[in-house]
Amino acid sequence: MNQQYSSQLLEKAVEEFAKLPGIGKKTAMRLVLHLLKQEKKSVESFGNSIITLKNEVKYCKECHNISDTDTCLICSNKSRDRSTICVVESIRDVMAIEATQQYNGLFHVLGGIISPMDGIGPSDLEIESLIERSKRDEVKEVILALSTTMEGDTTNFFISRKLADVDVILSVIARGISIGDELEYADEITLGRSIINRTPFNTTK
């Protein structure tokens with residue numbers, strides 16, 4: 001056992017918290033000590049919520065967003081514009097765009113972007129399911145809302161080639177998002193305007 005810890009249980013808990021992204025050993029220690037001060041029922045509720053999340057969460061069969069059921073609340077909402085699909089990299093991007101309240105269409109979560117350096121190719125992403133969705137009669141526009149990085153642009157280009165023979169309008173979010181920025185970190189006003197002021201994809205080449 002590390003000499004700085006008086007308890008192996010404490011040390012183990014700190015090690016587990018420190019595995020979370022952005023959490024260092026000091027922050028992990030602070031979180032663990034905070035939990036120790038809470039009532040047992042509160043800590044049990046916290047722990048059970050994480051276990052239940054891992055065991056029972058589903059991914060929408062349509063858009064691959066996180067869901068409690070086979071079809072997420074967005075895809076099952078009849079008031080959403082089913083003629084438009086907004087393509088994003090991650091579930092966090094869905095949340096960011098929803099927070100703007102400027103988009104009422106559907107989403108498609110790729111689960112990443114093409115990045116050969118990281119060993120991520122087109123077959124590792126939900127691109128084929130996007131192409132199939134885009135061929136449906138009600139779909140009129142596909143909005144590419146990926147991060148404005150080289151990897152994001154590469155993924156945009158690949159998708160545009162796959163959709164070349166599909167009768168849909170292909171657009172990309174306006175460059176209100178700075179080059180190199182990730183979508184989830186954009187402020188709501190800028191992101192909302194970028195969705196509203198989207199442009200045809202071919203004019204950005």
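Given springs between every Cα pair under 10 Å in a Gaussian network model of the chain, which of Ser79, Ser147, Ser160 has the largest fluctuation? Largest GNM mean-square fluctuation: Ser79. Across the chain, the volume of the C-alpha convex hull divided among the residues equals 167 Å³ per residue. Once the chain from Ile66 to Leu33 is taken as fully extended at 0.36 nm per residue, the excess over their C-alpha distance is 8.8 nm.
For segment 8-56, what does the alpha-carbon gyration tensor say about shape, rounded, prolate or oblate, given a ≥ b ≥ c as the root eigenvalues, a/c under 1.5 as rounded, and a/b over b/c as prolate? It would help to have the intermediate numbers written out before the result.
Working: a/c = 2.08, a/b = 1.26, b/c = 1.65.
It comes out oblate by the Cα gyration axes.
For Cys75, no residue whose modelled amide H falls within less than 5 Å of its own remains once neighbours fewer than 5 places apart on the same chain are excluded. Of all aspartates and glutamates in the structure, the ones whose alpha carbon falls short of 20 Å from that of Lys40, not counting any fewer than 8 places away in one chain, are Glu11, Glu16.
The H on the amide N of Val172, modeled in the peptide plane, is under 5 Å from the matching H of Leu144, Thr199, Phe201, each at least 5 residues off or on a different chain. State the answer as a single residue: which of Pro116, Cys86, Ser7 lies farthest towards the positive end of the charge dipole of the chain, with beta carbon charges of +1 for Lys and Arg and -1 for Asp and Glu, about the Cα centre. Highest projection toward the positive end goes to Ser7.
In terms of distances greater than 30 angstrom between alpha carbons, the cross-link table entries Lys25/Lys54; Lys41/Lys78; Lys19/Lys162 yield Lys41/Lys78; Lys19/Lys162.
Of all beta bridges DSSP finds with both residues in segment 20-158, what is the antiparallel percent, to the nearest 5? Don't jump to the answer; show the numbers that get you there.
Working: 3 of 12 bridges.
If I count the DSSP bridges inside segment 20-158, around 25 percent turn out antiparallel.
Under the simplified labelling scheme, the Val166-Met117 pair shows an inter-label distance of 2.8 nm, with each label point 7 Å from Cα along Cα→Cβ.
Every number in this text was worked out from the coordinates using simple rules, so none of it is lab data. Values in this document were obtained by computation on a predicted structure and should not be read as measured data. Backbone-built Cβ (ideal geometry, glycine too); neighbour counts: all protein chains shown.
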